[in-house]
Structures are given as C-alpha cells and as structure tokens.
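Here the structure is laid out as structure tokens; the discussion comes afterwards.
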Amino acid sequence: VQLQASGGGLVQAGGYLRLSCAASGRTFRNYNMGWFRQAPGKEREFVAAISWSGTSTYYSDSVRGRFTVSRDSAKNTVYLQMNSLKPEDTAVYYCAVDPKLSGLRIRVFDYDYWGQGTQVTVSS
C-alpha cells in the first residue's frame, strides 16, 4: 500500500499549486482522506479532509476559502488545490487515509497510511 503525493514546488505569494495524492496497492474509495502539513520545527497539523463520497469536506481555519480538496475515486486520487498562497503555507504536505468509517476527523493519530510528503515553498 502506497500513497504518492506530488505537485509541490516553489511559488510566489499569491500564487497557486495543485497537489495530488495517488494511492496504489489497494483502493481507498470507501475511506475518508486527509491532508496535513508540517513546517520546520512545528508539529504536523491538519489542513483538509474529504469524505469517501466526496460530498463532505472540512478545512482548517487557516486555509478555508483558499484551499479546495477533491477526489477522483476512479483514479484513486485525492487533490488539494491551493490558491492565494502565503509564506506561512510553506511546509511539507502529506496525505493520509482515515481507516475508520466515521465523520471527518482532524487529528493526526486518527489517520493511517501516510504518503511520503511533498514540499511546498511560498516566497514573499
């Protein structure tokens, strides 16, 4: 089972990036998925989550209105569209699977099967 995150890079403040998280080895179409990030010297924090059906989403206060999470179950892929990026968005971004069939959750330890992360750097 692997989660491959991609799409990170260097962008100027106000710019945008689209992250992808592709799952292989098994399907996660029946599971809620989450995006987290970790900046240097800081704890990993919740960014966004999406339900297995794609009909429910939830965002942290710091990204709500700027980021959009979506999924393509046929491709076993989850996306994070990041607009109006700020220097404080700089971090390694991770996708993860919530193994419990429940409502959307935001705690790191609620999630399993973490991807390797992709670096996002926003310059001022």
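Bear in mind that the values in this text are calculations on the coordinates, not laboratory data. Every value quoted in this text rests on a predicted model; they were computed, and no experiment measured them. With ideal geometry, Cβ positions are generated from the backbone for all residues, glycine too; neighbour counts draw on all protein chains shown.
At-a-glance table
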read-out: Boolean, V69 is within 18 Å of Q2 (Cβ to Cβ), β-branched (V, I, T) and in contact with a Phe, Trp or Tyr (Cβ under 9 Å, 6 or more places away or on another chain); value: no
read-out: Residues (closer than 30 Å to P87 by Cβ and touching a Phe, Trp or Tyr at 6+ places or on another chain (Cβ under 6 Å)) located in the range 20-30; value: S20
read-out: Residue within the range 101-111 that is of a type in the set (A, V, I, L, M, F, W, C), touching a Leu at 6+ places or on another chain (Cβ under 9 Å) and in contact (Cβ under 8 Å) with a residue 12 or more places away in the chain present; value: no
